Amino acid sequence: MTSIMGLIISIVIISVLVILYLYREHTKRRNRQLVFKGNPPLHLGVDREHPVYPLVVRYEEAWPAGFANHLRTRTFAEHPEMSVAEYKWRKLELDRFFIISGILRESHMFSIKVDDLWHEMLMFTEEYDSWCQNYIGVKLHHRPNVAAQLEPMPHARAWFDWVYSQLFAHTPYTEAIWGEFFQYRMDSNILQLLESSTTERSMTSTAGQLFHPVTSVTIEEVSTAVNYLVSQARTSIESAKLSNWESDLEGRGNNVHRKSCSCSDCSNSRDLTWAATIMLIISWNMTDDNDYEKAMQPFLDDISNDQHKAATSTSSCGTAYSCSSRPSKSPVSSCSSDGDASPGCGSGCSSG
């Protein structure tokens with residue numbers, strides 16, 4: 001019996017190693033096929049009028065002198081196959097991830113491309129610690145969790161997708177780096193917490209279960225971003241409660257309600273707050289994952305088509321530009337970095 005159990009355990013371990021190897025090889029092949037061009041937007045693509053802009057400024061000012069250059073140099077030394085353009089676009093998404101990490105109680109990592117840069121950043125322990133303190137006053141820990149690679153986290157991914165799309169415009173490389181958005185239904189528990197939350201700066205609110213328990217209280221820029229997200233969510237939930245919510249979706253999905261990120265020398269970034277709103281409305285009214293997928297699919301097809309158009313137009317976008325995801329005036333609105341310990345994440349590590 002002991003020998004049989006030993007054989008079974010060996011088979012399981014070998015199977016896991018094979019799966020991880022194949023996944024890494026698939027990722028490498030996909031990376032070789034993708035060509036990054038141009039430069040990322042300034043200030044993470046956030047407009048000055050957006051409520052998260054003050055936090056972006058705080059984040060950019062938190063970097064110790066020379067830290068960015070050290071990270072860049074080490075990354076190229078460890079990843080000689082990476083182009084300068086690819087590094088810049090990956091770094092943009094790492095920066096955006098850290099903005100989200102400063103806001104949420106748990107922010108799971110769903111991109112190996114982004115996580116690779118985080119790993120290199122951690123090699124500079126003194127500068128990393130200084131950066132964390134300058135930024136939000138608490139350390140963003142990073143803990144390995146290999147099992148998480150094999151366990152999908154659909155509800156965590158849905159929450160990430162919604163928050164990301166409320167704060168940032170999607171660039172031509174957003175999906176290439178993070179994977180496809182809005183594939184999963186938002187968890188009913190999260191929706192209920194958002195519905196019952198107030199926008200007041202208080203962790204006695206149920207919002208304290210979703211947002212960072214320290215930074216959302218002690219840092220005004222984070223509190224402002226939290227209030228904005230809660231307001232956007234509650235507005236969308238009120239729309240989801242309407243009796244004609246199904247017929248309302250078609251109007252929200254048409255081109256009239258979509259906003260492009262128009263820049264002085266580029267117009268290939270996309271504001272997907274409309275899609276995030278549709279995802280939330282469907283999630284509120286459909287608790288079955290299969291029903292959600294069927295209802296969301298037409299809008300996912302539109303997003304995919306728009307993404308393809310944006311990606312194929314990047315060749316004319318060779319200089320830096322500044323784009324934004326602006327608050328909507330209409331009713332549209334893992335690795336993990338978290339305030340508490342996280343059970344796991346999409347790319348095989350967690351932070352707490």
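Given the criteria crowded, with 20+ Cβ neighbours inside 10 Å, over 29 Å from ALA158 (Cα atoms) and modelled with pLDDT of 95 or more, does LEU71 qualify?
Working: crowded, with 20+ Cβ neighbours inside 10 Å: yes; over 29 Å from ALA158 (Cα atoms): yes; modelled with pLDDT of 95 or more: yes.
Judged against the criteria, LEU71 is a match.
Tally up the residues in the stretch 275-294 that are within 18 Å of LEU191 (Cβ to Cβ), in a helix (DSSP H, G or I) and not aliphatic (A, V, I, L, M), please.
Residues of the stretch 275-294 that are within 18 Å of LEU191 (Cβ to Cβ), as a first pass: 275-289, 291-293.
Now restrict to residues that are in a helix (DSSP H, G or I): 275-285, 289, 291-293.
Cutting the leftovers down to not aliphatic (A, V, I, L, M) gives us 277, 283-285, 289, 291-293.
Result for the stretch 275-294: 8.
So, in the stretch 87-120, exactly how many residues are of a type in the set (S, T, N, Q) and closer than 14 Å to LYS139 by Cα? Total meeting the criteria: 2. Number of residues in the stretch 55-112 that are assigned to a loop (DSSP other than H, G, I, E, B) and in contact with a helix residue (DSSP H, G or I) (Cβ under 9 Å, 6 or more places away or on another chain) equals 10.
Identify, please: which residue in the stretch 113-137 is in contact with a Phe, Trp or Tyr (Cβ under 7 Å, 6 or more places away or on another chain) and part of a helix (DSSP H, G or I) and is, among those, nearest to TRP63 (Cα to Cα)? Here the residue is TRP131. In the set (1) at pLDDT 95 or above; (2) out of contact with any helix residue (DSSP H, G or I) (no Cβ under 9 Å at 6 or more places or on another chain), GLU126 fails one condition alone, (1).
The values are calculated or read from the model by the stated rules, or taken from the named source; none is laboratory data. Small disclaimer: the values here were computed from a predicted structure and weren't measured. With ideal geometry, Cβ positions are generated from the backbone for all residues, glycine too; neighbour counts draw on all protein chains shown.
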